[in-house]
Ligand code: 5GP
């Protein structure tokens, strides 16, 4: 997606050859026009997949997931990274956080995603695929089907892309990065 790549080149900060900072437009401060364009692009790509719900993980995935759900005309559910006392019957999965380098428990109230739902996973980044694996575990518990994964920024050399493809899940990455350094970003094929 050329618009996203342009904004990444303009405003993103390469913190290391592994981590890109995007907090002025994607996952802290949020550019609403960009989210709308991202949502339209994901929705167009998965339009014929019979999606009934969009799922993501708080907080970085919420804005692109909501925009996608609006364009598809379906509900969106975001999975929580902690267990609130208000949650009665949580489905849970342990995952490792790439950016915080620690394990945490994903929680989703049972019933928000139901048996037979055909679900699209949206996230801001794909690194080692741990968030994806956590979502897959929760959807298995809910007896729902994962129909695809839409990722804003994918780092192609990290394990996540292969993990998703090995599961046979259709993967669509808007801005796939082949490598990055202080000199800049090298884009990958879609
Ligand atoms: P994974 O679970 O695929 O290893 O990592 C994906 C999650 O880690 C994303 O939801 C995102 O929050 C975070 N993440 C991974 N790589 C980056 C990165 O380069 N920059 C930022 N800001 N977040 C990242």
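Which residues, counting only those in region 77-89, are surrounded by 16 or more Cβ atoms within 10 Å (Cβ to Cβ) and without any contact (Cβ under 8 Å) to a residue 40 or more places away in the chain?
Keep residues of region 77-89 that are surrounded by 16 or more Cβ atoms within 10 Å (Cβ to Cβ), which gives 77-81.
Residues satisfying the conditions are 77, 78, 80, 81.
A single entry from 148, 116 fulfils the requirement of being away from the ligand (no atom under 12 Å from the Cβ) and either without any contact (Cβ under 8 Å) to a residue 12 or more places away in the chain or not in a strand (DSSP E or B) (or both): 116. Tallying residues that are away from the ligand (no atom under 16 Å from the Cβ) and either surrounded by 21 or more Cβ atoms within 10 Å (Cβ to Cβ) or within 15 Å of the chain's Cα centre (by Cα) (or both) within region 103-113 yields 1. Of everything in region 1-22 that's touching a helix residue (DSSP H, G or I) at 6+ places or on another chain (Cβ under 7 Å) and part of a helix (DSSP H, G or I), which residue is surrounded by the most Cβ atoms within 10 Å (Cβ to Cβ)? Among them, the one singled out is 4. Of the residues making up region 119-144, those that are away from the ligand (no atom under 12 Å from the Cβ) and in a loop (DSSP other than H, G, I, E, B) are 142, 143, 144. Say whether the condition of being more than 10 Å from the ligand (Cβ to nearest atom), out of contact with any helix residue (DSSP H, G or I) (no Cβ under 6 Å at 6 or more places or on another chain), without any contact (Cβ under 8 Å) to a residue 40 or more places away in the chain and within 20 Å of residue 22 (Cα to Cα) is met by at least one residue in region 151-159. The answer is yes, given that some residue of region 151-159 is more than 10 Å from the ligand (Cβ to nearest atom), out of contact with any helix residue (DSSP H, G or I) (no Cβ under 6 Å at 6 or more places or on another chain), without any contact (Cβ under 8 Å) to a residue 40 or more places away in the chain and within 20 Å of residue 22 (Cα to Cα).
A search for C-beta distances below 6 Å between a residue of region 123-137 that is under 13 Å from residue 81 (Cβ atoms) and any residue that is at pLDDT below 95 and within 6 Å of the ligand (Cβ to nearest atom), counting only pairs 6+ apart in sequence or on different chains, returns nothing.
Yes/no matrix, rows are residues, columns are (1) over 22 Å from residue 112 (Cβ atoms); (2) crowded, with 22+ Cβ neighbours inside 10 Å:
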site: 130; (1), (2): no, no
site: 143; (1), (2): no, no
site: 148; (1), (2): no, no
site: 153; (1), (2): yes, yes
site: 167; (1), (2): yes, no
site: 170; (1), (2): yes, no
site: 175; (1), (2): yes, yes
site: 178; (1), (2): yes, no
site: 182; (1), (2): yes, no
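In this structure, does residue 165 turn out to be modelled with pLDDT of 95 or more, within 14 Å of the ligand (Cβ to nearest atom) and assigned to a loop (DSSP other than H, G, I, E, B)? For residue 165, the condition - modelled with pLDDT of 95 or more, within 14 Å of the ligand (Cβ to nearest atom) and assigned to a loop (DSSP other than H, G, I, E, B) - is not met.
Residues in region 82-102 that are within 16 Å of the ligand (Cβ to nearest atom) and within 15 Å of residue 58 (Cα to Cα): 82, 93, 94, 95, 96, 97, 98, 99, 100. Annotation: residue 126 fulfils all but one of (1) in contact with a strand residue (DSSP E or B) (Cβ under 7 Å, 6 or more places away or on another chain); (2) surrounded by fewer than 19 Cβ atoms within 10 Å (Cβ to Cβ); the unmet one is (2). For region 23-69, residues that are assigned to a loop (DSSP other than H, G, I, E, B), within 13 Å of the ligand (Cβ to nearest atom) and in contact with a strand residue (DSSP E or B) (Cβ under 7 Å, 6 or more places away or on another chain) total 5.
The values are calculated or read from the model by the stated rules, or taken from the named source; none is laboratory data. Since we're looking at a predicted model, the values are computed, not measured. Cβ sites come from the backbone with ideal geometry, for glycine too, and all protein chains shown count toward neighbours.
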